[in-house]
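A short worksheet on the structure shown next.
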Amino acid sequence: MSPYVTFIMLTSLGLGTTITFASSHWLLAWMGLEINTLAIIPLMAQHHHPRAVEATTKYFLTQATAAALMLFTTTSNAWITGQWDIQQLSHPTITTITILALGLKVGLAPMHFWLPEVLQGLDLTTGLILSTWQKLAPMTLIYQLSSGVEQPLMITLGVMSALVGGWGGLNQTQLRKILAYSSIAHMGWMMIVMKYLPNLMIMNLMIYIIMTSSAFMALKMTTATKINTLATGWTKAPILTMLTMTTMLSLGGLPPLTGFMPKWMILQELTKQDLPLIATLMAMTALLSLFFYLRLCYAMTLTISPNTNNAKTPWRLKSKQMTMPLSITMIMTAMMLPVTPAVMAMTT
């Protein structure tokens, strides 16, 4: 793809998200989401591989369905109430369907089925954009709607997403699918606390984007797409392998690392809201996710690559990829726990 076309597509991605951020009118928000979807589609299909084309088609159909559903509900709301303001969805049925449409856009369970399949068909760079940047605009709209949504709906979406994200990743060998289920689980943690402390959701989203970016960039540096390939990394780049393991453990939420911070805060908030059972259930789902992250760490650091590995062996030349973004995100992924009060102050 021409650099000029790539630049236009990336600029359009930024424009679409910015329009949705800045809008207080449903039509403008819908327009921003549509620009976002249409801008990423050429980036997804640029390799002309059958899997990439299939993933692009699935993505387009699901996003178009979600956008049409959202437009239908918000038009219905305008018809009933006579105004288009985002925070004025008055009817509970309309609010519920709008939240479900936005949940379909970000891949919340039980509307998650498209996400692992789509991510599996993409290369790691486009997968990174899909897993991070494409979550921002829908999550902003969910954030604005959260005060008027029924509590049981948010809890159901959150618990189901955390459970599906934990269970779905257990039996996977493809790293992109594992990261897709990881994304579903993290979205569940954000949804569960949205009703009670929306700013905590923003902090969780920021940390999720940092951790996922470092995971995708590390896998791109080692050109790894399967668990088997990870086992060949320690001979080529031992320090990167160790840092990738730290990133995976941080995604799992182990205490000395950054990923523990949002989980800790969310469980504390759920306990304050007199929801000990929900807090216990969420902690148990975190163990499910931690299991498959530990599988990745075990394959990376404690096993020798099998001789029958049918993956393409990476050539031992220096990667041309920029290492500065990877270094910054890796440091933030591993070492932000001591500055928790500062991070909380930034999001309040």
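The values are calculated or read from the model by the stated rules, or taken from the named source; none is laboratory data. Source: prediction; values computed, not measured. Note: ideal-geometry Cβ built from the backbone for every residue, glycine included; neighbour counts use all protein chains shown. Keep in mind that these areas ignore ligands, DNA and RNA; they rest on the heavy atoms of the full protein, side chains included. Shrake-Rupley method; radii C 1.70, N 1.55, O 1.52, S 1.80 Å.
Before moving on, here are some points about what is shown:
- Of all residues in the stretch 9-56, those satisfying the criterion of being part of a helix (DSSP H, G or I), open to solvent by 80 Å² or more (accessible area, probe 1.4 Å) and closer than 20 Å to Leu122 by Cα are Leu10, Leu38, Pro50, Arg51, Glu54.
- Taking first residues from the stretch 137-149 that are aromatic (Phe, Trp, Tyr) and partners that are modelled with pLDDT under 95 and surrounded by fewer than 24 Cβ atoms within 10 Å (Cβ to Cβ), the Cβ contacts under 6 Å between residues at least 6 apart in sequence or on separate chains come to Tyr143/Pro198.
- Residue satisfying all of: in the stretch 301-330; under 23 Å from the mean Cα position of the chain (by Cα) and open to solvent by less than 100 Å² (accessible area, probe 1.4 Å); modelled with the lowest pLDDT among these: Gln321
- Some residue of the stretch 101-119 being of a type outside the set (Phe, Trp, Tyr), at pLDDT below 95, assigned to a helix (DSSP H, G or I) and touching a Leu at 6+ places or on another chain (Cβ under 7 Å): no
- Summed over the stretch 175-201, the residues that are more than 22 Å from Trp133 (Cα to Cα) and in contact with a Ser or Thr (Cβ under 8 Å, 6 or more places away or on another chain) give a count of 1.
- When the residues of the stretch 108-135 are filtered to those that are open to solvent by 30 Å² or more (accessible area, probe 1.4 Å) and not acidic (Asp, Glu), the one that is farthest from Met187 (Cα to Cα) is Thr125.
- Scope the stretch 222-265; condition crowded, with 23+ Cβ neighbours inside 10 Å, in a loop (DSSP other than H, G, I, E, B) and either in contact with a Ser or Thr (Cβ under 6 Å, 6 or more places away or on another chain) or of a type in the set (Val, Ile, Thr) (or both); matching residues: Thr258, Gly259
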